[in-house]
Amino acid sequence: MDASTPTLASWEERAARLQIRNQALIDGRLVPAASGKSFDDISPRDGRVLTRVASCDAEDVDRAVAAARRSFESGVWREQHPRARKAVLLTLARLIEENAEELALLETLDMGKPIRDSLNIDVPLSARCVQYYAEAIDKLYDQVGPSGPGSMSLILREPLGVIGVVVPWNFPLMMAVWKVAPALAVGNSLVLKPAEQSPLTAIRLGELALEAGLPPGVLNVVPGFGETAGQAIGRHMDVDMLTFTGSTEVGKYFMRYSGESNLKRVSLECGGKTPHIVMPDAADLDRAAQEAAGGIFFNQGEVCNAGSRLLVHESIKDEFLAKVIAYGRSWVPGDPLDPATRMGALVDSRQHERVLGYIAKGQQEGAELKCGGAAARTDSGGYYIQPTVFDGVSPGMTIAQEEIFGPVLSTLTFRSTEEAFRIANDTIYGLAAAIWTKDISVAMKAAKTIKAGSVWINCFDAGDITTPFGGFKQSGFGRDKSLHALEKYTDLKSVWIEL
Ligand code: NAD
């Protein structure tokens with residue numbers, strides 16, 4: 001290791017020098033909440049207060065929406081030449097890359113994920129996402145309808161106006177840019193509310209967007225709580241569309257807010273309970289086991305499409321589960337700032353208790369705890385949990401049905417393909433599914449039969465920005481990523497011309 005290789009000590013040193021932005025960003029300026037209130041932003045790494053962040057409520061949301069509306073109606077962004085908007089977003093992508101270490105550090109301190117993931121996954125993928133939508137801007141065409149010789153019809157796509165963006169804490173920057181980038185690309189103005197657990201990268205993103213040349217008021221950031229800032233955006237009469245990632249429970253609130261206010265459009269990316277199916281003919285059981293462990297322990301299991309239900313054919317279950325547990329041993333909870341750490345801290349004490357509660361429930365309901373099952377690094381002051389594997393889980397158990405959102409794997413067995421698919425679909429969720437098999441017809445049958453927005457065959461959580469992502473059933477509706485994401489931030493206008 002040479003002197004320039006980052007170490008725990010060098011990251012700690014950088015963390016001590018960090019200048020954290022902790023205010024709202026409204027109309028191009030960093031401002032405190034109108035009420036003067038702020039809240040503790042606690043690092044799950046050690047339970048210490050990182051900073052106090054502006055606690056926005058309805059008054060701040062009003063100001064942010066007004067700024068967004070002004071910028072939208074003035075045309076300062078949406079009426080810029082596509083080439084000019086593209087240049088701004090390309091600059092933003094470059095600034096994200098140039099500030100990668102700072103953004104990664106903020107993300108890790110704020111929500112507890114390992115610094116190696118923030119640096120190698122969250123930040124570069126966020127930059128790539130912004131770049132992708134920037135490059136799309138001057139390649140989008142409208143349509144001419146087949147209207148016959150005496151007339152001409154144009155089918156035009158228009159931006160919607162003011163978009164509310166409410167996002168969760170598990171991939172704070174990435175979930176924000178999945179929405180912010182396409183919504184900006186087509187000319188909307190935005191009010192972004194990050195989760196109260198992890199507001200720091202969103203504020204910095206807003207600042208970098210200004211630096212990139214985005215006009216003031218086009219991207220406003222209002223940190224605050226769900227019941228106050230989130231609800232105020234959801235119920236606002238001048239927000240045209242609300243795009244949300246988070247729990248199914250809160251997704252339903254946004255439907256209600258919309259119905260009780262201005263019928264704003266709603267797009268929801270909600271929870272999941274991904275079945276990870278292993279057939280006895282899988283070509284490479286070692287690779288499947290490695291992916292099964294990574295699929296639940298990556299990001300501390302705080303992943304909407306985490307492979308939380310392992311469905312294994314009963315003939316190979318013991319052999320396969322032993323491999324999963326062996327691979328799971330490399331997922332040791334550690335200090336998120338240590339570059340060697342693969343599994344960090346859970347986001348806060350509430351989530352920590354929630355996950356431990358599910359582990360207790362699994363045991364009470366008769367599942368067999370094979371490894372883990374307890375808090376870890378308890379002397380750190382942070383919120384760590386051992387990688388946990390349950391065997392003997394039946395489909396009706398709580399840990400087979402509810403989204404745990406932690407490093408807890410529930411193993412179920414099946415005897416036939418039909419039974420595997422039935423169990424896979426036996427959930428309110430439909431975000432993703434995976435299957436390992438050499439049999440192409442079984443693989444394709446899984447793709448057709450399992451109700452999920454993504455189906456992975458002989459891989460897990462694969463894909464890139466070019467493929468749509470989102471759910472069926474109570475995992476929500478609307479898609480992030482790919483050019484399809486642009487559809488929800490625009491609407492069609494028909495123009496009929498008599499010649
Ligand atoms: P959450 O639903 O509690 O919070 C998400 C956001 O909604 C936060 O910004 C929060 O402040 C806000 N919010 C909370 N209560 C609100 C209310 N009453 N009114 C308005 N806004 C409110 O979710 P979370 O705990 O932050 O994140 C975990 C959830 O996110 C999991 O269910 C996970 O599956 C889901 N998720 C889904 C995807 C996906 O793409 N489908 C991706 C990541 C996370």
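The values are calculated or read from the model by the stated rules, or taken from the named source; none is laboratory data. These figures come from a predicted structure and were not determined experimentally. Cβ placement follows ideal geometry from the backbone for every residue including glycine, while neighbour counts extend to all protein chains displayed. Ligands, DNA and RNA are excluded from the accessible area calculation, which covers all protein heavy atoms including side chains. Shrake-Rupley method; radii C 1.70, N 1.55, O 1.52, S 1.80 Å.
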Filter segment 317-365 down to the residues that are among the polar types (S, T, N, Q) and closer than 25 Å to Asp286 by Cα, then identify the one that is least open to solvent (accessible area, probe 1.4 Å).
-> Thr341
Is at least one residue of segment 419-436 away from the ligand (no atom under 16 Å from the Cβ), open to solvent by 50 Å² or more (accessible area, probe 1.4 Å) and not in a loop (DSSP other than H, G, I, E, B)?
-> yes
Segment 366-384 residues that are in the same structural domain as Ala400 (by TED's automatic domain parsing), paired with ones that are basic (Lys, Arg) and outside any helix (DSSP H, G or I) (beta carbon under 7 Å, 6 or more apart) | Gly381/Arg48; Gly382/Arg45; Tyr384/Arg377
If you go through Ala229, Ala202, the only one that is touching an Asp or Glu at 6+ places or on another chain (Cβ under 9 Å), in a helix (DSSP H, G or I) and either within 9 Å of the ligand (Cβ to nearest atom) or without any contact (Cβ under 8 Å) to a residue 40 or more places away in the chain (or both) is Ala229
What number of residues within segment 33-56 satisfy the criterion of being crowded, with 16+ Cβ neighbours inside 10 Å and over 27 Å from His352 (Cα atoms)?
-> 2
Per the filter on segment 232-276, residues in a loop (DSSP other than H, G, I, E, B), within 17 Å of Ala64 (Cβ to Cβ) and more than 14 Å from the ligand (Cβ to nearest atom) are Met237, Asp238, Asp240, Asn262
Go through Lys179, Lys113 for me and flag whichever is more than 24 Å from Arg265 (Cβ to Cβ), in contact (Cβ under 8 Å) with a residue 40 or more places away in the chain and open to solvent by less than 20 Å² (accessible area, probe 1.4 Å).
-> Lys113
In this structure, does Leu486 turn out to be touching a helix residue (DSSP H, G or I) at 6+ places or on another chain (Cβ under 6 Å) and either over 26 Å from Trp331 (Cβ atoms) or of a type outside the set (Lys, Arg) (or both)?
-> yes
Mind checking which residues of segment 437-449 are touching a helix residue (DSSP H, G or I) at 6+ places or on another chain (Cβ under 7 Å) and in a loop (DSSP other than H, G, I, E, B)?
-> Thr437
Cβ pairs under 6 Å, 6+ apart, first in segment 35-50 and closer than 21 Å to Glu302 by Cβ, second acidic (Asp, Glu) and part of a loop (DSSP other than H, G, I, E, B) | Pro44/Asp348
Scan Ser494, Ser410 and give me the residue that is in contact (Cβ under 8 Å) with a residue 40 or more places away in the chain, open to solvent by 50 Å² or more (accessible area, probe 1.4 Å) and over 22 Å from Val266 (Cα atoms).
-> Ser494
Residue list for segment 138-149, restricted to those being open to solvent by 40 Å² or more (accessible area, probe 1.4 Å) and not hydrophobic (A, V, I, L, M, F, W, C) | Asp138, Lys139, Tyr141, Asp142, Gln143, Pro146, Gly148, Pro149
Can you tell me which of Ile155, Ile203, Ile163, Ile233 is open to solvent by 10 Å² or more (accessible area, probe 1.4 Å) and farther than 25 Å from Phe298 by Cα?
-> Ile155
Of the residues in segment 161-187 that are within 9 Å of the ligand (Cβ to nearest atom) and among the β-branched types (Val, Ile, Thr), the one that is nearest to Pro114 (Cα to Cα) is Val167
So which of Ile465, Ile359, Ile404 ends up being touching a Lys or Arg at 6+ places or on another chain (Cβ under 7 Å), aliphatic (A, V, I, L, M) and either at pLDDT below 95 or not in a strand (DSSP E or B) (or both)?
-> Ile465
Here are Ala212, Ala195, Ala104: which of them is surrounded by fewer than 24 Cβ atoms within 10 Å (Cβ to Cβ) and touching a helix residue (DSSP H, G or I) at 6+ places or on another chain (Cβ under 7 Å)?
-> Ala212
Val218 meets each of (1) within 10 Å of the ligand (Cβ to nearest atom); (2) out of contact with any Gly (no Cβ under 6 Å at 6 or more places or on another chain) with one exception, condition (1)
Of the residues in segment 277-316, those that are in a strand (DSSP E or B) and surrounded by 24 or more Cβ atoms within 10 Å (Cβ to Cβ) number 6
